[in-house]
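Visitor: Can you read through this structure? Questions will come right after.
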Amino acid sequence: MTDSNKFHAALAVSNIKNPISITLKIGNVQYVTWAELFKIHAHYHKILHHIVPPEKGKEKVPKTDKEKELWSTLDVVVLQWIYATISHDLLHTILEPDAMTMEAWNMLRIYSKTIRILGL
């Protein structure tokens, strides 16, 4: 059985709020804590590359249709985890049609940095 035929453990996460108990809110200074908990959870499930780009030359590009489908499904799962752990106001601030997980992750990082700089 190839890796693309195996069930991915990230698909079994039924309640993301158990491992990531913080709800990130607009103006919340807990971004660093939330992001670290999120990265730990993503690393544990071997999907960190959906939010943190791998080092140059270590990218694993999906080759087969099954691998591409699994990658796409996992990207949506991680995106759902992000959306489930942020406030509705923040969700409406970053929500973009057809966004990829890394885009949403980066928007939250930039938004948080901007809020800290402005002191809001």
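Visitor: Placing unit charges on C-beta atoms (Lys and Arg positive, Asp and Glu negative, everything else neutral), compute the dipole magnitude of the chain about its Cα centre in debye, rounded to 20.
Guide: 360
Visitor: For segment 15-120, what does the alpha-carbon gyration tensor say about shape, rounded, prolate or oblate, given a ≥ b ≥ c as the root eigenvalues, a/c under 1.5 as rounded, and a/b over b/c as prolate?
Guide: prolate
Visitor: Let me have the 222 nm mean residue ellipticity of the chain computed from DSSP H runs of 4+ only, each contributing -39500 (n - 2.57), with the sum over all residues rounded to the nearest 500.
Guide: Per the formula, -16000 deg cm²/dmol.
Visitor: Heads up, I need the accessible area for I117: 1.4 angstrom probe, whole protein in place, Å², nearest 10.
Guide: My reading of the accessible area for I117 is about 130 Å².
Visitor: If you roll a 1.4 Å probe over the heavy atoms of the protein chains, what accessible area per residue do you get for the chain, in Å²?
Guide: Heavy-atom SASA per residue in the chain reads 67 Å².
Visitor: If you don't mind, another one. Is segment 1-64 best put as rounded, prolate or oblate by its Cα gyration tensor, with a ≥ b ≥ c the root eigenvalues, rounded for a/c under 1.5, and otherwise prolate when a/b is larger than b/c, oblate when not?
Guide: Verdict is oblate for segment 1-64.
Visitor: Still on this model: Which of K17/K113; K46/K68; K25/K46; K17/K39; K39/K68 have a Cα-Cα distance over 18 Å?
Guide: K17/K113; K25/K46; K39/K68
Visitor: Counting other C-beta atoms within 10 Å, and keeping those with at most 15, which DSSP coil trypsin sites (Lys or Arg not before Pro) do you find in segment 52-91?
Guide: K56, K58, K60, K63
Visitor: Collect residues whose amide H, placed 1.01 Å from N in the peptide plane, falls under 5 Å from the amide H of I86; neighbours closer than 5 in sequence don't count.
Guide: L24
The values are calculated or read from the model by the stated rules, or taken from the named source; none is laboratory data. Values in this document were obtained by computation on a predicted structure and should not be read as measured data. In this analysis, Cβ positions are derived from the backbone assuming ideal geometry, glycine residues included, and neighbour counts consider all displayed protein chains. Side chains are part of the model used for accessible areas, which takes the heavy atoms of the whole protein and leaves out ligands, DNA and RNA. Shrake-Rupley method; radii C 1.70, N 1.55, O 1.52, S 1.80 Å.
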